[in-house]
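Let me begin by presenting the structure, written as structure tokens, before commenting on it.
The values are calculated or read from the model by the stated rules, or taken from the named source; none is laboratory data. Just so it is clear, the model here is predicted, and its values are computed rather than measured. Cβ placement follows ideal geometry from the backbone for every residue including glycine, while neighbour counts extend to all protein chains displayed.
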Amino acid sequence: MRLTTKGRFAVTAMIDLALRQQSGPVTLAKISQRQSISLSYLEQLFGKLRRHELVESTRGPGGGYSLARLARHITVADIIFAVDEPMDATNCGGRGDCKVDADGRRGQCMTHELWATLSRKMVDYLDSVSLQDLVDQQRMRQLEEAAQKANKTVRLHSEKNSDTATTI
């Protein structure tokens, strides 16, 4: 299983939306700008997310998108499945016809169960991570970055003041 750009962009855009929707609907143009994702690509993704009832759209001035349900009730697996992202590590797409024997009969390859189990575990994991979990992580990172920036500013200001005191 390889998570493609489609799944990554969908999750990223949903985090962006969830972080900002308290101010009202969020436009795809703004998400596109902040996340460097093509607007036309976002339109395709959000069409699928809307059809799967993960987002709602509001038309007109002040329009845009908002979550259709609480972020804690949307999982990463919901988002990835909504944009048609396959989560199957088997070589046969889970059909069990990954091996062809000498008689031309199809069957399971020797490692089919290994990859099928991996696929189930990936889905279980992604189903255990909510959009709210990711939003909380992002907010924590933003707070940490702001604190580091503030500490750096305070240090620079202190150093400047101590340099001025020694020259007097």
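Based on what the data block shows, is LYS160 at pLDDT 70 or above and charged (D, E, K, R)?
Numbers: at pLDDT 70 or above: yes; charged (D, E, K, R): yes.
Taking the combined requirement at face value, the residue satisfies it.
Taking segment 111-133, which residues are touching a His at 6+ places or on another chain (Cβ under 9 Å) and either in a helix (DSSP H, G or I) or more than 11 Å from ALA77 (Cα to Cα) (or both)? Before you say what the answer is, go through the steps one by one.
Filtering segment 111-133 for residues touching a His at 6+ places or on another chain (Cβ under 9 Å) gives 130-132.
Answer for segment 111-133, where residues must be touching a His at 6+ places or on another chain (Cβ under 9 Å) and either in a helix (DSSP H, G or I) or more than 11 Å from ALA77 (Cα to Cα) (or both): LEU131, GLN132.
So, of the residues in segment 1-14 that are in a helix (DSSP H, G or I) and free of Cβ contacts under 8 Å to residues at least 24 places away in the same chain, which turns out to be surrounded by the most Cβ atoms within 10 Å (Cβ to Cβ)?
Initially, segment 1-14 is screened for residues in a helix (DSSP H, G or I), giving 5-14.
Within this subset, residues satisfying the condition of being free of Cβ contacts under 8 Å to residues at least 24 places away in the same chain are 5, 8.
Working: THR5: 10, ARG8: 13.
Filtering first and then ranking leaves ARG8.
Can you pull out every residue in segment 18-40 that is of a type in the set (Gly, Ala, Ser) and either modelled with pLDDT of 95 or more or closer than 17 Å to LEU54 by Cβ (or both)?
Answer for segment 18-40, where residues must be of a type in the set (Gly, Ala, Ser) and either modelled with pLDDT of 95 or more or closer than 17 Å to LEU54 by Cβ (or both): ALA18, ALA29, SER32, SER36, SER38, SER40.
Suppose we keep only residues that are touching a strand residue (DSSP E or B) at 6+ places or on another chain (Cβ under 8 Å) and under 14 Å from ILE74 (Cβ atoms) within segment 15-45. Which one would you say is surrounded by the most Cβ atoms within 10 Å (Cβ to Cβ)?
Per the stated criteria, the residue is LEU17.
Could you grab the pairs with beta carbons closer than 6 Å, sequence gap of 6+ or different chains, first residue in segment 110-133 and aliphatic (A, V, I, L, M), second one part of a helix (DSSP H, G or I)?
Listed pairs, sorted by first residue: VAL123/ALA77; LEU126/VAL76; LEU126/ALA77; VAL129/VAL76; LEU131/MET14; LEU131/ALA18; LEU131/ALA71.
Only residues that are surrounded by 18 or more Cβ atoms within 10 Å (Cβ to Cβ) and in a helix (DSSP H, G or I): list them for segment 68-88, please.
ALA71, VAL76, ALA77, ASP78, ILE79, ILE80, PHE81, ALA82
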